[in-house]
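Participant: Below is the structure I would like to discuss, written out as structure tokens.
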Protein chains: 2
Amino acid sequence: MDVSVLKVYVCQMEVVPGDPETNLSTMKKFIEEGVRAGADLAVFPEMCIPGYLLADKWEESSFVTRCVRANDLVLKLSQNIDVLFGSVAREEDENGENGRALLYNAAFYASKGSFRTLLNYNGVQKKFLPKTLLPCYREFDEPRYFSDLRKLAQSLNVPVSEILKPLDVKGKKIGITICEDGWDSLYKIKPFEILSPKIGAGDLLINISCSPFTQGKENARNRVFGAHAAKAGVPLIYVNATGSQNNGKNIYAFEGDSCVYGPKAERVFSFPLFKEQGTIVELDGNAIEVREESAPRKSGIAEVHEALVYLIKKNLARFGIKKVVIGASGGIDSAVSAVLYSEALGCENVFLVNMPTKFNSNTTKNAAKDLADNLNCPYMVAPIEDSINALCSSLEKCSFVRNDSPMRVEGIHYENVQARMRSAAFLATIASVLGAGFTCNGNKSEISVGYCTLYGDTSGVICALGDLWKTQVYELANEINLHKKLIPQASLDIPASAELSFAQNVDEGKGDPIIYPYHDKLFAFWMERWQRNALEDSLSLLEKGNDAFCSELGVDPDLFAKSFHTKEDAIADMRKWWNRYNGIALAKRIQMPPILSVSRRTFGFDFRESQL
Amino acid sequence: MDVSVLKVYVCQMEVVPGDPETNLSTMKKFIEEGVRAGADLAVFPEMCIPGYLLADKWEESSFVTRCVRANDLVLKLSQNIDVLFGSVAREEDENGENGRALLYNAAFYASKGSFRTLLNYNGVQKKFLPKTLLPCYREFDEPRYFSDLRKLAQSLNVPVSEILKPLDVKGKKIGITICEDGWDSLYKIKPFEILSPKIGAGDLLINISCSPFTQGKENARNRVFGAHAAKAGVPLIYVNATGSQNNGKNIYAFEGDSCVYGPKAERVFSFPLFKEQGTIVELDGNAIEVREESAPRKSGIAEVHEALVYLIKKNLARFGIKKVVIGASGGIDSAVSAVLYSEALGCENVFLVNMPTKFNSNTTKNAAKDLADNLNCPYMVAPIEDSINALCSSLEKCSFVRNDSPMRVEGIHYENVQARMRSAAFLATIASVLGAGFTCNGNKSEISVGYCTLYGDTSGVICALGDLWKTQVYELANEINLHKKLIPQASLDIPASAELSFAQNVDEGKGDPIIYPYHDKLFAFWMERWQRNALEDSLSLLEKGNDAFCSELGVDPDLFAKSFHTKEDAIADMRKWWNRYNGIALAKRIQMPPILSVSRRTFGFDFRESQL
């Protein structure tokens, strides 16, 4: 039956990783809505039944069986509406190169109780369409788990272009692709370029995705998918999941941002960020009608703010944590953390603890108290000096048999004792007694060079700011204060400082040895650029002169000149941080809590490191 | 020039990951020895210039440039001897699918100052041979970094079998393969089967490897490579690296175990484990002569013992750590750790600290002291009770504004305080003052189900026993005592116990809630089997009856019957541990120190997990 108008119910659903039954019932709810709205077709994201970032869970055949069973149950829901969705496909009689059952990341099209044949070549028929391009970089490990359309085509001795075809649906040709298939610029095989000549005006392209949030991804998405729509001269529906998924070390937000592009590359409709939504998209030839308002957009640090609160909320709920304890030092990191957690959990569930010693100024102590008052959080001052003294005096009374090293705790040793006493002794115990978790408030700058204490401020249940440079933490603090002045001015004004000795007295303007507006850019030059730079690269760049160096890094040349009187000073400084970045800092990163990812390169499983 | 005898200098070298210059000078030393011995050809392991497990270091183009430069410097050394070695190959004018320069894991053959052409098809010539099969499982991520001969063949539109050919060397045809190319059983393309028909009696097969140690790998190696030799009816030289490499979370030993197989699958010569060695292998037709004795072999837990000491020695040296502090509880884990570290670092560098509270028995306190005396290590008793009391009393004096939860530290909270006080406060501070590292003594059983305290006994610089089940720790203890009775009998005799409360009194036979001889097998059933099992699988197995269940797991049926009076008890127990294994235990594992890998599945980067 040909219809002139195709009503598509685009379902931006929250995907719960590892829980096919829950995801199936979410789909059922959307499908019923779609039927009620008289839609012809409901479209769901990639891997919306199993979830996407599951690490080696794919090795459990009983889990894959649960997913296959859920796939089949979609058939029952397809009597009155067609359903296009992403899930895992398993070949029942073939093993992959890892010796386990052969799996695909695939698209399924259920219609009137059956799966449509999506691939048909020379007697080989598949009731699913495998993804063509499997990402294998950053946090993506797809070839570890899945085969793909390229390998399938090779085993059939045929080019991909001969077997990848659009599907006929009610008179329209629909070109179906899965996530990376659209991000084709670096691949020799380009699924959209194969499909586009096979469809024409009035037809449709669809990309089903499960694509994690990074700051500013919307722009890349518009550039890439808008171009695909324009090239084919047809509308393109992009549907992405919401929710949060992780690989242990890194935790990702899936922002949704599903959208519809017109045949001239224009984004004609936007779904909200971080929120489920089903929307009817009516397609009449190349004309697109959506009877709803596009969701309002945020951008820049405001978008990151929203992502972080969403991530905290979703993940603490997953861990069964309703309350958190935060060490509130009066500094900027703990202040921003306190705001984010309060937004996620409610202020009454965020317990702020200030743990002073003789090195802590009234300035920071007052700032911590003001923060708690501004947020209306439970607040406590817990001096740690008695416990430190008890530890040091116990140790000083001890001595080793067969070795005469004295146990005197001074200098850097004494600094680190404070950090560990705060986290591993006080915060961990307070959290344990309250039935809460405690947070790690570290930022990307500290984590880069290990300016933190293991089992001290590196500890906690998650690290919310670990993918933000210190300069971005300030940016976020200012963005927060734009709406309501929650973060005390003192926390913004004082120099960043650990206050672990009198040498770090904030009232005397003394603080961290990191010049954040410069070093953040230097560290990013080393770790965030796609063409990865090493010490050698920053040294050769500097050889080209200060201006070239500062301009490439994005650093204020005056700040650079003021910070380093000679080139030798700048080089010595670079070498020092490079060695820390690859040495002690890496050792600490290995033992850090999961980091909430918001950038295009996050320490952890995204950025994999070997101790060399 | 044809010669009847080919003298091959087989170089089992230590590869230092990420240090091409050092590796080049190691090669130079071997090459000079080979020249002096009149060898025709020196053969080195896979990736012997860059190292193999480098994580995302491959993304640094300046690092790859250093490797390419070192490759080229081998040419200068090849005037009087040919050199076959493995390294990275970079295509200077082509990018890979990740947008960075296209890299191969490749073999190079240097002869008289030039690289021989190893691939020649239809005008395409390569001065290197790409690896055909790239492993993508466990700790192996090769497709993330490298292209391969399969992809190259596809881009040339030709089957691998047409372009993979033996090399003519002094009248012999040499079939060259790289590591995984030999482990071909699960792949459709089998490099040895392609090469074998192209060579004949008197020719030679070579496999260059960089293959990490796992217990019992020698047997697999004999089965696989012996068969390749027999199938072709020629000798096969297998050369593997020594040294240690890591991916952050897991640390691997490379044991060498290079060897020569005869044309009837027999291993005719064995190199030592964990030791560099160059050996002349003379090949006269199919006859093999080696004028040295094969290295003596160890097996079973003795081999693991050797691997662990090697790993400790290599890695602490890499981290610049000469001394360690070990919390000696009197239990078996810390006792075995103390022996291993003493063997690696010398007893004078292993500082044992017993940290009693009122819950610690004289039995364990004496065992700790006896251990130190047996090993002749520095030893100290550092009571932690005063520090715990100071912490608890500081906390009890505090209260929250806007919340009236009392800060009383009792029960499980008080147990965990002890563990954290020992590690994060005492051991970390003692280690800091001594300029030492402190060790994590956790075992695989505890780590599986999180029977340990984060920032407590999970802490340390490395975790030496983290890949041994508790029952294997006992096995290792007994193996150690076979040679010299270092581990006190009490540590072997008492029940395993944390001694964190009176409920864990060892003198009353009370200890851990884990029945190790049973649970070790259950946890291994879940995490170590290649076809991964889940809770469902153990439940269905149990449905088949106790005998079938115990036999599949390898558990004594009497122990099982004694431990669980009803099937419901056994099921409830399984569920409890399954939930811990996937829940709290995983959260702890994410923050654990690097684990020394000795099994075929190690928690960490080998066994990747998502918090679901």
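Participant: Suppose we keep only residues that are of a type in the set (Val, Ile, Thr) and within 26 Å of residue A:358 (Cα to Cα) within region A:395-420. Which one would you say is farthest from the other protein chains (Cβ to nearest Cβ)?
Facilitator: Looking at the filtered set, the residue picked out is A:412.
Participant: Suppose the filter is buried (at least 24 other Cβ atoms within 10 Å of the Cβ), polar (S, T, N, Q) and under 26 Å from the mean Cα position of the chain (by Cα); does residue B:429 pass it?
Facilitator: Judged against the criteria, residue B:429 is not a match.
Here is a yes/no grid of residues against (1) free of Cβ contacts under 8 Å to residues at least 60 places away in the same chain; (2) more than 14 Å from chain B (Cβ to nearest Cβ); (3) closer than 24 Å to residue B:432 by Cα; (4) small (Gly, Ala, Ser):
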site	(1), (2), (3), (4)
A:425	yes, no, yes, yes
A:453	yes, no, yes, no
A:460	no, no, yes, yes
A:473	no, yes, no, no
A:490	no, yes, no, yes
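Participant: From B:403, B:443, which residue is touching a helix residue (DSSP H, G or I) at 6+ places or on another chain (Cβ under 8 Å) and surrounded by fewer than 18 Cβ atoms within 10 Å (Cβ to Cβ)?
Facilitator: Answer to the selection: B:403.
Participant: Another question, then. Is region B:204-214 home to any residue that is within 14 Å of chain A (Cβ to nearest Cβ) and buried (at least 22 other Cβ atoms within 10 Å of the Cβ)?
Facilitator: yes
Participant: Further, regarding this structure: The conditions are (1) touching a Ser or Thr at 6+ places or on another chain (Cβ under 6 Å); (2) assigned by TED's automatic domain parsing to the domain that holds residue A:203; (3) part of a strand (DSSP E or B), and residue A:326 fails exactly one of them. Which is it?
Facilitator: (2)
Participant: Could you tell me whether region B:370-379 includes any residue that is touching an Asp or Glu at 6+ places or on another chain (Cβ under 8 Å) and modelled with pLDDT under 95?
Facilitator: No: zero hits.
Participant: Another question, if that's okay. Only residues that are within 12 Å of another protein chain (Cβ to nearest Cβ) and farther than 13 Å from residue A:375 by Cβ: list them for region A:324-355, please.
Facilitator: Listed by number, the residues that qualify are A:325, A:353, A:354, A:355.
Participant: Just checking, does region A:304-316 include any residue being touching a helix residue (DSSP H, G or I) at 6+ places or on another chain (Cβ under 8 Å) and either basic (Lys, Arg) or more than 30 Å from residue A:220 (Cβ to Cβ) (or both)?
Facilitator: yes
Participant: When the residues of region B:81-105 are narrowed to those that are surrounded by fewer than 18 Cβ atoms within 10 Å (Cβ to Cβ) and within 13 Å of chain A (Cβ to nearest Cβ), which ends up farthest from the chain's Cα centre (by Cα)?
Facilitator: B:94
Participant: Give me the residue from region A:67-80 that is over 18 Å from residue A:147 (Cα atoms) and buried (at least 18 other Cβ atoms within 10 Å of the Cβ) and, out of that set, nearest to the other protein chains (Cβ to nearest Cβ).
Facilitator: A:70
Participant: Find the residue count for region A:499-523, including only residues that are surrounded by fewer than 20 Cβ atoms within 10 Å (Cβ to Cβ) and among the acidic types (Asp, Glu).
Facilitator: The number of residues fulfilling the criteria is 3.
Participant: Give the residues of region B:431-443 that are within 7 Å of another protein chain (Cβ to nearest Cβ) and among the hydrophobic types (A, V, I, L, M, F, W, C), sorted by residue number.
Facilitator: Once the filter is applied, which keeps residues that are within 7 Å of another protein chain (Cβ to nearest Cβ) and among the hydrophobic types (A, V, I, L, M, F, W, C), region B:431-443 yields B:433, B:434.
Participant: So residue B:141 passes all but one of these: (1) within 12 Å of chain A (Cβ to nearest Cβ); (2) surrounded by fewer than 19 Cβ atoms within 10 Å (Cβ to Cβ). Which condition number does it fail?
Facilitator: Evaluating residue B:141 over (1) within 12 Å of chain A (Cβ to nearest Cβ); (2) surrounded by fewer than 19 Cβ atoms within 10 Å (Cβ to Cβ) leaves (2) as the failure.
Let's see how each residue does on (1) crowded, with 21+ Cβ neighbours inside 10 Å; (2) in contact with a Leu (Cβ under 6 Å, 6 or more places away or on another chain); (3) of a type in the set (Ser, Thr, Tyr); (4) in the same structural domain as residue B:468 (by TED's automatic domain parsing):
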site: B:568; (1), (2), (3), (4): no, no, no, yes
site: B:572; (1), (2), (3), (4): no, no, no, yes
site: B:575; (1), (2), (3), (4): no, no, no, yes
site: B:578; (1), (2), (3), (4): no, yes, no, yes
site: B:583; (1), (2), (3), (4): no, no, no, yes
site: B:587; (1), (2), (3), (4): no, no, no, yes
site: B:606; (1), (2), (3), (4): yes, no, no, no
site: B:610; (1), (2), (3), (4): yes, yes, yes, no
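Participant: Which ranges mark the helices (runs of 4 or more DSSP H) fully within region B:530-610 that have 3 or more residues being modelled with pLDDT of 95 or more and more than 14 Å from chain A (Cβ to nearest Cβ)?
Facilitator: B:546-553, B:557-563, B:567-582
Participant: While we're here: Could you list all residues from region B:498-539 that are among the polar types (S, T, N, Q) and under 15 Å from residue B:331 (Cβ atoms)?
Facilitator: Listed by number, the residues that qualify are B:504, B:505.
Participant: Scanning for something farther than 17 Å from residue B:497 by Cβ, modelled with pLDDT under 95 and in a helix (DSSP H, G or I), does region B:339-346 turn up at least one residue?
Facilitator: no
Participant: Now for a separate question. Take the residues of region A:50-66 that are at the interface with chain B (Cβ under 7 Å from one of its Cβ atoms) and part of a loop (DSSP other than H, G, I, E, B): which is surrounded by the most Cβ atoms within 10 Å (Cβ to Cβ)?
Facilitator: By that ranking, first place goes to A:53.
Participant: Can you tell me which residue among B:344, B:338, B:372 is closer than 16 Å to residue B:438 by Cβ, outside the structural domain of residue B:219 (by TED's automatic domain parsing), touching a Lys or Arg at 6+ places or on another chain (Cβ under 6 Å) and small (Gly, Ala, Ser)?
Facilitator: Being closer than 16 Å to residue B:438 by Cβ, outside the structural domain of residue B:219 (by TED's automatic domain parsing), touching a Lys or Arg at 6+ places or on another chain (Cβ under 6 Å) and small (Gly, Ala, Ser) holds for just one of B:344, B:338, B:372, which is B:344.
Participant: If you go through region A:465-485 one residue at a time, how many are in a loop (DSSP other than H, G, I, E, B) and crowded, with 20+ Cβ neighbours inside 10 Å?
Facilitator: Residues that pass the stated criteria total 5.
Participant: Continuing with this model, one more query. With (1) assigned to a strand (DSSP E or B); (2) more than 14 Å from every other protein chain (Cβ to nearest Cβ); (3) β-branched (Val, Ile, Thr) as the list, and residue B:364 as the residue in question, which single condition is left unmet?
Facilitator: Unmet condition: (1).
Participant: Which one of the conditions (1) free of Cβ contacts under 8 Å to residues at least 60 places away in the same chain; (2) assigned to a loop (DSSP other than H, G, I, E, B); (3) of a type outside the set (Val, Ile, Thr); (4) within 29 Å of residue B:597 (Cβ to Cβ) does residue B:297 fail to meet, given that it meets all the rest?
Facilitator: (1)
Participant: Then there's this: Between residues in region A:311-323 that are within 10 Å of chain B (Cβ to nearest Cβ) and residues that are in a helix (DSSP H, G or I) and hydrophobic (A, V, I, L, M, F, W, C), which pairs lie under 8 Å by C-beta distance while being six or more apart or on different chains?
Facilitator: Qualifying pairs under 8 Å: A:319/B:587; A:323/A:345; A:323/A:434.
Participant: What's the number of the condition residue A:373 fails, among (1) more than 30 Å from residue B:385 (Cα to Cα); (2) touching a strand residue (DSSP E or B) at 6+ places or on another chain (Cβ under 6 Å); (3) in a helix (DSSP H, G or I)?
Facilitator: All conditions pass for residue A:373, except number (2).
Participant: Mind checking whether some residue in region A:11-26 is crowded, with 20+ Cβ neighbours inside 10 Å and closer than 17 Å to residue A:115 by Cβ?
Facilitator: yes
Participant: Condition first: within 14 Å of another protein chain (Cβ to nearest Cβ) and either at positive phi or in a helix (DSSP H, G or I) (or both). Now tell me which residues in region A:513-529 satisfy that.
Facilitator: Those that are within 14 Å of another protein chain (Cβ to nearest Cβ) and either at positive phi or in a helix (DSSP H, G or I) (or both): A:525, A:526, A:527.
The values are calculated or read from the model by the stated rules, or taken from the named source; none is laboratory data. Values in this document were obtained by computation on a predicted structure and should not be read as measured data. Note that we place each Cβ from the backbone using ideal geometry, even for glycine, and neighbour counts take in every protein chain shown.
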